[in-house]
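A short reminder: the numbers here are calculations on the coordinates, not readings from a lab. Since we're looking at a predicted model, the values are computed, not measured. Here the Cβ is made from the backbone with ideal geometry for all residues, glycine too, and neighbour counts use every protein chain on show.
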Amino acid sequence: MQWVCRFTKQSTLKPFLTSGGSSEVSPGVGVTTDAQFNQFVKDNIGVAYHPLGTAAIGDQSKGGVVDVNLKVYGTANVFVVDGSIIPMQPSSHPSSIIYGIGEKAAVYLNSCPTSLDY
């Protein structure tokens, strides 16, 4: 990261990076040494993840918590409709998968007999 930061600050690249009125925002023009850059990284680094799989869909014998209709095994009318049923972290943002889960749940639950109390 230090190399890329130094490379983009070279004078040969400045016309391309500053055209259109743009300017460096982060880490800032005052960060010029490796020590300053390292401190910037320490001050600004963070972790982002999407906790998934805590109530995974799958066969109960293999550790699954919900069936293909999103119903919790061993219950009469408890359903899980969120990202926790996704058994593994996808390689992309999970929002579209979660939207699909919600749509599947809506279709299924609307088709259930009205005698179910949910």
Could you tell me, in Å, what Rg and Dmax come out for the Cα atoms of the chain? 24.5, 73
List the lysines whose alpha-carbon lies under 16 Å from that of Lys42, not counting same-chain residues fewer than 8 positions away? none
Helix-derived [θ] at 222 nm for the chain: sum -39500 (n - 2.57) over DSSP H runs of at least 4, divide by residue count, nearest 500? -10000 deg cm²/dmol
Once the Cβ-Cβ distance between Glu103 and Asp59 is put in as r, and R0 is 35 Å, what FRET efficiency do you end up with, to the nearest 0.05? 0.90
R0 of 30 Å, Cβ-Cβ distance Phe37-His93: FRET efficiency to nearest 0.05: 0.55
Under the Kirkwood approximation applied to all pairs of distinct alpha-carbon atoms, what is the hydrodynamic radius of region 60-111 in Å? 11.8 Å
Figure the gain on full extension for Met1 and Tyr73 (residue separation times 0.36 nm, minus the Cα-Cα span) and round it to one decimal in nm. 21.2 nm
For the chain, set up a Gaussian network in which alpha carbons nearer than 10 Å are linked by springs, and say which option among Gly46, Gly20, Gly100 fluctuates the most. Gly20
